[in-house]
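J.: Below are the structure tokens for one structure; questions will follow.
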Amino acid sequence: MGGPVQEALEALELVDHHCHGVVTADLTREGFENLITEGAAWPGISPFDSPVGVAIRRHCAPLLDLPRHAPPDEYLSRRAELGPREVHRRFLTAARTSTFCVDTGYAPERLTTPAELAGTAGGTAYEVVRLEGVAEAVAAKGVEPDDYGDAFQAAALDAVQRPGVVAVKSVAAYRTGFDLDPARPSVAEVTEAARHWSARGGRLDDPVLVRHLLWTAVDLGLPLQLHTGFGDNDIRLHRVDPARLTDWLHLTTGTIPVLLLHCWPYQRQAAYLAAVFEHVYLDVGLTLHHVGPARARAVLEEAMEITPFRKLLYSSDAYGVAEFYCLGALAFRRGLAGLLQDRVDADELGLPDALRFAEWAGAHNASRVYGLSGPS
């Protein structure tokens, strides 16, 4: 593989518009395997024997001074020998990513902070605030149901005013799916829902309060990232097709940018939404490192069939292991370069346009949408 588009993408410093920290501690085999799958390391079934596991052994092993396709035991032994700090440095440097927009809302283990992540990569980091975490922190303080709506809005506003915050995110896909009444809920509806939530406790999964959260995001005025499609088994996949957001997108036209994350297997539906709504954008992050470089092009081709070139962004959605930063960047560069170069070679696309579109998707689109202009 080669050509000018590939060369341009190899030289481009990526903007990763949605990612997470990496685990700072040494990882056991079980710990590592659990982090490289959205399922689990079940007895007798290793995630190394999956597309993502094969891709790690093929493309990440050489960065640990191992041969391609190194066996899992050798891979993990070498990883432990080098230690987390050196492993992180090697993979983050190899990703050649200059800017990270880091979702800090999910950290069951000690993860690198945005500043630590950026320092390891020699880049810049910004923060993405997960709104469900803000809501649950408000509820944990014992707020009265009558006061919940205002208290959540105030807490969310405080959160997004922290230095370096450039966006908010919702995981409504995990909590309710998108089969929601698209209208903004009334104050009375929010109060009644908050009363029920207060009585039963637990995470935010009330449909009325999720709607309130999404409309609060609109009021905050920052770009909103929405998990769609592929995730762990907490997802009900048939309920997270982004096309189910169509009525809500009609109501929010002219407000904030809405970034559809991941999307698989609904990348075509996401592309439709990006093509018909001015404020909708998409990526296929997470998907790319799970399908690996061998299939990244196929996913990108479907996502780009009708997507305006100004609407596709790069993300790794790397979480837990630094390999996913490297693998996501590699899969994106190779997949995008291959499909654009073939269009150039077939005279369906001019080379200057192909180079421009590659730069847009890899960096400029995210910089424009989030207003990124320098170190946080």
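The values are calculated or read from the model by the stated rules, or taken from the named source; none is laboratory data. Quick caveat: nothing in here was measured; it's all calculated off a predicted structure. Please note: Cβ atoms are built from the backbone with ideal geometry, for glycine as well, and neighbour counts cover all protein chains shown.
J.: Could you identify the single residue in 192, 144, 132 that is among the acidic types (Asp, Glu) and closer than 28 Å to residue 115 by Cα?
T.: Only one candidate passes the filter, namely 132.
J.: Determine whether residue 287 is farther than 23 Å from residue 327 by Cβ, touching a residue at least 12 places away in the same chain (Cβ under 8 Å) and crowded, with 17+ Cβ neighbours inside 10 Å.
T.: Here the answer is no, as residue 287 does not meet what is asked.
J.: Please go through segment 215-255 and give me each residue that is assigned to a helix (DSSP H, G or I), surrounded by fewer than 19 Cβ atoms within 10 Å (Cβ to Cβ) and among the polar types (S, T, N, Q), ordered by number.
T.: Within segment 215-255, just 246 meets the criteria.
J.: Still on this model: Has segment 144-153 got any residue that is acidic (Asp, Glu) and in contact with a strand residue (DSSP E or B) (Cβ under 6 Å, 6 or more places away or on another chain)?
T.: no
J.: Any residue at all in segment 53-66 that's at pLDDT 95 or above, within 26 Å of the chain's Cα centre (by Cα) and more than 12 Å from residue 323 (Cα to Cα)?
T.: Among the residues of segment 53-66, at least one is at pLDDT 95 or above, within 26 Å of the chain's Cα centre (by Cα) and more than 12 Å from residue 323 (Cα to Cα), which makes the answer yes.
J.: Wholly within segment 27-109, which helices (runs of 4 or more DSSP H) include no fewer than the required count, namely at least 2 residues that are more than 28 Å from residue 17 (Cβ to Cβ)?
T.: Ranges flagged: 29-35, 72-82.
J.: I would also like to ask the following. Does residue 109 satisfy being more than 29 Å from residue 12 (Cα to Cα), buried (at least 20 other Cβ atoms within 10 Å of the Cβ) and touching a Gly at 6+ places or on another chain (Cβ under 9 Å)?
T.: Here the answer is no, as residue 109 does not meet what is asked.
J.: Could you list all residues from segment 132-187 that are among the charged types (D, E, K, R), over 25 Å from residue 246 (Cα atoms) and touching a Lys or Arg at 6+ places or on another chain (Cβ under 7 Å)?
T.: Result: 136, single match.
J.: Only helices (runs of 4 or more DSSP H) wholly contained in segment 136-210 count here; list those with 1 or more residues that are in contact (Cβ under 8 Å) with a residue 24 or more places away in the chain and among the acidic types (Asp, Glu).
T.: By residue number, 145-160, 187-200.
J.: Can you confirm whether segment 217-235 contains a residue that is at pLDDT below 95, out of contact with any Phe, Trp or Tyr (no Cβ under 8 Å at 6 or more places or on another chain) and not charged (D, E, K, R)?
T.: Yes, that holds for at least one residue.
J.: Have a look at 159, 167 and point out the one that is more than 30 Å from residue 64 (Cα to Cα), at pLDDT 95 or above, in contact with a strand residue (DSSP E or B) (Cβ under 6 Å, 6 or more places away or on another chain) and buried (at least 23 other Cβ atoms within 10 Å of the Cβ).
T.: Result: 167 is the single residue among 159, 167 that is more than 30 Å from residue 64 (Cα to Cα), at pLDDT 95 or above, in contact with a strand residue (DSSP E or B) (Cβ under 6 Å, 6 or more places away or on another chain) and buried (at least 23 other Cβ atoms within 10 Å of the Cβ).
J.: OK, next. Being more than 16 Å from the chain's Cα centre (by Cα), more than 20 Å from residue 205 (Cα to Cα), at pLDDT 95 or above and of a type outside the set (Ser, Thr, Tyr) narrows it down to one residue among 109, 116, 127; which is it?
T.: Result of the check over 109, 116, 127: 116.
J.: Can you tell me which residues in segment 41-59 are out of contact with any Phe, Trp or Tyr (no Cβ under 9 Å at 6 or more places or on another chain) and either charged (D, E, K, R) or farther than 19 Å from residue 288 by Cα (or both)?
T.: 42, 43, 44, 45, 46, 49, 58
J.: Could you say which residue among 347, 353, 342 is at pLDDT 95 or above and at positive phi?
T.: Unique residue meeting the criteria: 347.
J.: Oh, and also: Specify the residue that is nearest to the chain's Cα centre (by Cα); the eligible residues are those in segment 183-241 that are polar (S, T, N, Q) and farther than 25 Å from residue 311 by Cα.
T.: Here the residue is 233.
J.: Would you confirm whether any residue within segment 364-373 is buried (at least 18 other Cβ atoms within 10 Å of the Cβ), touching a residue at least 40 places away in the same chain (Cβ under 8 Å), farther than 24 Å from residue 114 by Cβ and among the aliphatic types (A, V, I, L, M)?
T.: The answer is no; no qualifying residue exists.
J.: Looking at (1) modelled with pLDDT of 95 or more; (2) outside any strand (DSSP E or B), which one does residue 290 not meet, given that it meets all the others?
T.: (1)
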